[in-house]
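Asks: Quick one: the structure is below, and I'll ask about it shortly.
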Amino acid sequence: MHRPLRETDDTAAAYDADYYLWLQATRGKLARRDFASVDLTHLLEEIDDLSRREKRKLKNLLRQLLAHLLKLEYWVEEAPRSGNHWRAEVASFRQQIRDELDDSPSLRVYLNDIYEACYTDARDIAAARSQQPLSAFPKRPQLPLEQVLDPLSS
């Protein structure tokens with residue numbers, strides 16, 4: 001029979017047995033400055049994971065923004081039905097990216113680094129969604145990243 005874990009239990013074991021309890025226990029230890037008893041191995045893994053999550057979120061937002069911009073520009077037949085929705089999505093993705101960059105300005109460098117790869121992914125997404133050949137979309141971005149992110153653009 002398993003007994004419930006308590007904050008005083010071994011933190012490494014708590015990490016595997018009850019993640020939420022581990023988080024609360026770790027927070028408590030850090031708040032009390034009880035650094036010697038902090039499960040440093042798992043804490044570092046969690047910090048690394050948070051960093052990866054922030055990057056993934058930004059990457060996904062940029063992909064979606066670019067895919068919607070491509071659909072607006074090149075899926076002419078569907079634009080009368082879906083154009084307003086796409087424009088609203090573009091505005092939303094731009095705002096979400098701005099919010100992320102306001103919270104973490106250092107990620108702007110990362111955004112520049114992934115721009116071309118995200119464009120390639122967005123091109124694939126737009127082609128699949130529109131059922132148009134990939135060749136219907138430019139191979140390379142036609143706008144600089146700053147213009148893509150500008151709320152006054154398209």
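What follows draws every value from the coordinates through simple rules; no lab data is involved. All values derive from a computational prediction rather than experimental measurement. Using ideal geometry, Cβ is built from the backbone for each residue, glycine included, and neighbour counts are taken over all protein chains shown.
Asks: Using the Cβ atoms and a cut-off under 14 Å, what net charge is assigned to the surroundings of E45, where Lys and Arg are +1 and Asp and Glu are -1? Kindly include the intermediate steps, with their values, before the conclusion.
Replies: Values: positive: R52, R53; negative: D16, D39, E46, D48, D49.
Charge balance in the 14 Å sphere: -3.
Asks: Once you mark the trypsin sites (Lys or Arg not before Pro) that are in a DSSP loop and have at most 12 other Cβ atoms within 10 Å, what is the longest gap between them in the chain?
Replies: Working: sites that count: R6, R32, R33, K139.
Result for the longest clean stretch: 34-138.
Asks: Compute the relative contact order of the chain as a whole-number percentage, counting only Cα pairs closer than 8 Å that sit 6 or more residues apart in sequence. Walk me through the intermediate numbers first.
Replies: On the way: 110 pairs, mean separation 32.0, N = 154.
The normalised contact order for the chain reaches 21 percent.
Asks: Further question on the same structure: Less than 14 Å Cβ to Cβ from W86, Lys/Arg counted +1 and Asp/Glu -1: what total charge do the surrounding residues give? Numbers along the way, then the final one.
Replies: Details: positive: K71, R81, R87, R94, R129; negative: E73, E77, E78, E89.
The answer is +1.
Asks: Compute the distance in nm between two label points, each set 7 Å from the Cα along the Cα-to-Cβ direction, one at L143 and one at D34.
Replies: 5.3 nm
Asks: Can you check what the net charge comes to around S153, using other residues whose Cβ is under 12 Å from the Cβ of S153 (Lys, Arg +1; Asp, Glu -1)?
Replies: -1
Asks: Right, another one. Note the full-extension length gain between S92 and N112 as 0.36 nm times their separation in residues minus their Cα-Cα distance, in nm to one decimal.
Replies: Working: separation 20, 0.36 × 20 = 7.20 nm, distance 1.97 nm.
Taking 0.36 nm per residue and subtracting the Cα distance, the gain is 5.2 nm.
Asks: Ordered by residue, what ³J(HN,Hα) values in Hz, to whole numbers, does the range 95-111 give under the Karplus form 6.51 cos²θ - 1.76 cosθ + 1.60, where θ = phi - 60° and Gly and Pro are x?
Replies: Taking θ as phi minus 60°, the curve returns 5, 5, 5, 4, 4, 4, 6, 5, 6, 9, x, 5, 6, 4, 4, 4, 4 Hz for the range 95-111.
Asks: Place a point 7 Å from Cα of R53 in the direction of its Cβ. Which residues in the range 11-25 have their backbone N less than 17 Å from it?
Replies: From the range 11-25, the list is 15-16, 18-25.
Asks: Now for a different question. For the range 67-129, rounded, prolate or oblate, judged on the Cα gyration tensor with a ≥ b ≥ c (square roots of eigenvalues), a/c < 1.5 rounded, else prolate if a/b > b/c?
Replies: Values: a/c = 4.11, a/b = 1.65, b/c = 2.49.
Taking the square roots of the gyration eigenvalues as a ≥ b ≥ c, the range 67-129 is oblate.
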